[in-house]
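Have a look at the structure below before the remarks.
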Number of protein chains: 2
Amino acid sequence: MPPFDLPEGDPFGPHNLPYGVFSRPGTPERTVGVRLGDHVLDAGAAARALGSPHASLLTAPTLNPLLAAGRPTWSQVRAALRAWVTDPAHRPVVEPLLHPLSSVTLHLPFEVADYVDFYASEHHARNVGQIFRPDAADSLTPNWKHLPIGYHGRSGTVVVSGTDVVRPAGQRKGPADPAPVFGPSVRLDIEAEVGFVVGTPSPMGSPVVLGGFRDHVFGLCLLNDWSARDIQAWEYVPLGPFLGKSFATSVSAWIPPLEALDHARVAPPQRTHPLLPYLDDSAQEPAGYDLRISVAINGHVVSEPPFSTMYWTAAQQLAHMTVNGASLRTGDLYGSGTVSGPTERERGSLLELTWNGRDPLELPDGKRTFLEDGDVVTLSAWAPGPDGLRVSLGEVTGRIVAG
Amino acid sequence: MPPFDLPEGDPFGPHNLPYGVFSRPGTPERTVGVRLGDHVLDAGAAARALGSPHASLLTAPTLNPLLAAGRPTWSQVRAALRAWVTDPAHRPVVEPLLHPLSSVTLHLPFEVADYVDFYASEHHARNVGQIFRPDAADSLTPNWKHLPIGYHGRSGTVVVSGTDVVRPAGQRKGPADPAPVFGPSVRLDIEAEVGFVVGTPSPMGSPVVLGGFRDHVFGLCLLNDWSARDIQAWEYVPLGPFLGKSFATSVSAWIPPLEALDHARVAPPQRTHPLLPYLDDSAQEPAGYDLRISVAINGHVVSEPPFSTMYWTAAQQLAHMTVNGASLRTGDLYGSGTVSGPTERERGSLLELTWNGRDPLELPDGKRTFLEDGDVVTLSAWAPGPDGLRVSLGEVTGRIVAG
């Protein structure tokens, strides 16, 4: 039975309860909110009114104190929230603390510590390989099936959904150009990804094993790793992407905790190469997630990448990221890498969808190879929940504006 | 005249006054210290005792509030400090607030926001190119002379000088190996660098021009970008270094402000390629720095890399890092890249000094190709100051311990 007046089957029902940070007009203070349908519960106010021992975690201006509290506390807070929004006895207290989404401002939900981006979709990696190295014997680099390739990105330019993205300027040089030229990127792209948010830190020198994923990771979000392909192509040999990515990374405003996705857990694809023990998940619980992503440009859906096809899981990425002894901090964020499925309509970037501009997309408002000023890109996703319900991951959206 | 009882010509005299963060035995509180000779001035206590309006900046547990205050405040604070440590009238107040270095614990002086590492020494880049691509027509990649190549590193594993470095484990695969193997790195290396510390932030979408360097950068430090060459070699194509670097980066405990290095400013090397306007520094003040670095293993000096030979300046690196609209945050740290001069004794990594292990170094305690457990690596540096004085950049040291 849905709580209060929530419609039956709402994907933001009490089976979801994602966390965010909001403020209300006239009150600049930010505080923790929990989404219920098209409302935001002032979770801190509810905690105080109901005498919760966790009120201080829920009245903070970011999710970081809650993230740092660790899994036992996460479970207690989630259980309490479910009770508050489902028990009719709490209705008189809780209902006045539900604010329409349209009446609040949503903020970046957590302070990002380090941001790492992976490259975990085999379909994406093969597409990119075929586009940029058409003559190579194998479209994957030799290391691809042995480790989840990743690199550090810029945490200072992670922004919340709804933030405009200024078209970056930079150097580019085509193979036939005698010298690089400078100007606004002419190949601005999307990367549809899922982000994982670290709560519990780990000390330097102590790798997190595969089975430690749920102890350290709080929840997930949608992530658009905006990419300027022309800037990236000229700069990235030999030390990787830099300015082609660092201008902006957008994340969704709502962070569903891992528990909300428990019904979406699936086995990852069959491994084609033997894995070193620290990455071998054959004896682990299924660590993939069946998340159905949708990519829309100006409201027109252009792709539906299936996250279940990702070769490397978030647990493997975490184990790899720390196997050298690197520590984790509360607020660390890592992206899955572009999610692309096996078919043309499942590709998570315009680079792939247009095959590097060769096959423009036909949108209602004209052709697209890469993004144009004014374009609004929206990634959304849902996952199977309990009892046939859907769990919404919300959306991450951003509009391209001229520099 | 040196202040108080400081020896004539001390490289930590009132012409230097680097900032750090310290605590005293029995008092866990961290506070800002300023080094004077072999003593640390409790700058916050001095500020309070002398009625300074900047006391709150100097009693913080990190340098970040001071960094955020901006250049006019930085100048005022430095002028005040010089007066406090040179005017005999202040001696009765200041002298009791000078603690012997040996009696305090030094901490990471600032909270690192984003960490970026560059690759700005032409000699280093050419050495690396010749080692890894011996058959290439040019030892530099085609982009090298057009932009300062850089990438983001892990800010969560930046540690203060004196912190032990645990030998990282990871995957490696030699060209003849059928599959990667896992184990402790067998090619653990040094990278002798200089780090630049950002104070004043900048908003997204607003590049910092070359002339903005002194408005945004507070000071510098020594930086050892520890590198596991075997891990790096296997992982870095196509997205750059990741676990080969992310296990630890050490920085010196003392941050001289830029003003302390004003007498060390020199013109960078002659540019061999025309630069795009945002990087063209031909009409700017000289933006190189004459810093004389020394690299020692277990007390034995193995190299003296000259920072004045760096092709790309810190001002160019800052302009490049932000030209795509990326914002700066207080506490951003960027490394110069390995400093290597033109001669064999001026190389800033063991990779170069031993030519990838082919030519072992002869140390008093035996041969070295790469670092062994127990090795203590110390980078130190000085620069020309006013009136023939030297400005010390202190040192960054770290001992390798088994994982």
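Below are the figures for this structure:
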item: List B:F307, B:F132, ordered by accessible area with a 1.4 Å probe, largest first; result: B:F132, B:F307
item: Calculated FRET value between B:E344 and A:D5, using beta carbons and R₀ = 56 Å, to 0.05; result: 0.10
item: Dipole moment magnitude, nearest 20 debye, the protein assembly as shown about Cα centre, only Lys, Arg, Asp, Glu C-beta charged; result: 320
item: Normalised contact order of segment A:19-107, rounded percent, pairs of Cα under 8 Å and 6 or more residues apart; result: 38
item: 5 angstrom amide H check on B:V40, placed H, neighbours 5+ away; result: B:H99, B:L101
item: Segment A:209-254-segment A:65-122 distance, computed between alpha-carbon centres (Å); result: 23
item: Exposure of A:K367 as accessible area (Å², to 10), given a probe of 1.4 Å and all protein chains; result: 120
item: Built amide H within the under 5 Å cut-off of A:V401, gap 5+; result: A:V165, A:V166, A:R167, A:G374
item: Residue order for B:M310, B:M204 - accessible surface, 1.4 angstrom probe, largest first; result: B:M204, B:M310
item: Distant-in-sequence amide H partners of B:G394 (H built 1.01 Å from N, under 5 Å); result: B:A381
item: Under the Karplus curve 6.51 cos²θ - 1.76 cosθ + 1.60, θ = phi - 60°, whole-Hz ³J(HN,Hα) for segment B:332-337, x wherever Gly or Pro sits; result: 4, 10, 10, x, 5, x
item: Among A:I293, A:W312, A:G366 - extreme Cα towards positive end, dipole of segment A:285-403, charges at beta-carbon; result: A:W312
item: Antiparallel bridges, percent of DSSP beta bridges restricted to the protein assembly as shown (to nearest 5); result: 90
item: Calculated label separations, A:P28, copies of the chain, 7 Å along the beta-carbon direction, nm; result: 3.3
item: Candidate lysines - alpha carbon under 27 Å from A:K173, same-chain residues fewer than 8 apart omitted; result: A:K245, A:K367, B:K145
item: Segment B:74-80 - phi-based ³J(HN,Hα) in whole Hz, Karplus 6.51/-1.76/1.60, Gly and Pro as x; result: 4, 5, 4, 5, 5, 4, 5
item: Fraction of antiparallel bridges per DSSP, chain B only, in percent to nearest 5; result: 90
item: Rounded to whole Hz, the Karplus (6.51, -1.76, 1.60) HN-Hα couplings of segment A:126-141, x for glycine and proline; result: 5, 4, 4, x, 5, 6, 9, 10, x, 9, 5, 5, 10, 6, 9, 5
item: Length-normalised contact order for chain A - Cα pairs under 8 Å, 6+ apart - percent; result: 21
item: About the Cα centre, charge dipole magnitude for segment B:19-107 (Lys/Arg +1, Asp/Glu -1 at Cβ), debye; result: 200
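The values are calculated or read from the model by the stated rules, or taken from the named source; none is laboratory data. Quantities reported herein were computed from a predicted structural model and do not represent experimental measurements. Don't worry about glycine lacking a Cβ; one is built from the backbone with ideal geometry, like all the others, and counts go over all protein chains shown. Areas reflect the complete protein model, heavy atoms only, side chains present, ligands, DNA and RNA absent. Shrake-Rupley method; radii C 1.70, N 1.55, O 1.52, S 1.80 Å.
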